[in-house]
Every structure is written in C-alpha cells, then in structure tokens.
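Novice: Just passing along the structure, written as structure tokens.
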Amino acid sequence: MSFQAYLDNIQAKTGKSPADFKAMAAEKGFVDSGRLTAGTKAGMIIEWLKQDFGLGHGHAMAIVTLLKGAKKEGE
C-alpha cells in the first residue's frame, strides 16, 4: 500500500485530513513549526491515534511519518 493510500484510508475512517492531524498534533504539543517537539516519541503519538481514532499500528505510523516531515501528502 502506498503512503498516499494509507492517508486516504485514514481520512475515510476518521473524517480527518492530514492537515487536521497536523493541527491536532500541534495542539497536543507533539509538533511545533512542522517538526516533532523535543521529547516526543513515536509511541506517544501512536497511543493517542489508537485511543482517540481507533487506528491500527500501520496507519498510526503513517501519521507519525507525516508529522516527522519524512513524507508529504501526495508522495
């Protein structure tokens, strides 16, 4: 499955776009200026996404990757 397919599936399941997840992560203090904040670990984000949105590990990791800036939506 491509990275974009993961993002599309996440949006279909949650109704939230990648931009929404970026904004919510910033509100939670996980992200600042488009980068993960110091001390933020992938596990923290994964736990939040699993609890609040019912995402599986692979889909949660796609959001972590997005938040790290390693990939952009559309890649």
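Novice: Please enumerate the residues belonging to segment 8-19 that are surrounded by 13 or more Cβ atoms within 10 Å (Cβ to Cβ) and among the hydrophobic types (A, V, I, L, M, F, W, C).
Specialist: Hit for segment 8-19 is ILE10, nothing else.
Novice: Follow-up. What do you reckon, is MET44 modelled with pLDDT of 95 or more, surrounded by fewer than 17 Cβ atoms within 10 Å (Cβ to Cβ) and out of contact with any Gly (no Cβ under 7 Å at 6 or more places or on another chain)?
Specialist: yes
Novice: So which residues in segment 20-38 are surrounded by fewer than 13 Cβ atoms within 10 Å (Cβ to Cβ) and modelled with pLDDT under 95, if there are any at all?
Specialist: ASP32, SER33, GLY34, ARG35, ALA38
This table checks each residue for (1) without any contact (Cβ under 8 Å) to a residue 24 or more places away in the chain; (2) in contact with a strand residue (DSSP E or B) (Cβ under 9 Å, 6 or more places away or on another chain); (3) in a loop (DSSP other than H, G, I, E, B).
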position	(1), (2), (3)
GLN11	yes, no, no
PHE21	no, no, no
GLY29	yes, no, yes
GLY43	yes, no, no
ASP52	yes, no, no
ALA60	yes, no, no
THR65	no, no, no
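Novice: Scanning for something touching a residue at least 24 places away in the same chain (Cβ under 8 Å), over 18 Å from MET1 (Cβ atoms) and part of a helix (DSSP H, G or I), does segment 32-41 turn up at least one residue?
Specialist: Checked segment 32-41: no residue is touching a residue at least 24 places away in the same chain (Cβ under 8 Å), over 18 Å from MET1 (Cβ atoms) and part of a helix (DSSP H, G or I).
The values are calculated or read from the model by the stated rules, or taken from the named source; none is laboratory data. Remember, predicted model here, so these are calculated numbers, not experimental data. When we count neighbours, we look across all protein chains shown, and the Cβ atoms used for this are built from the backbone with ideal geometry, even at glycine.
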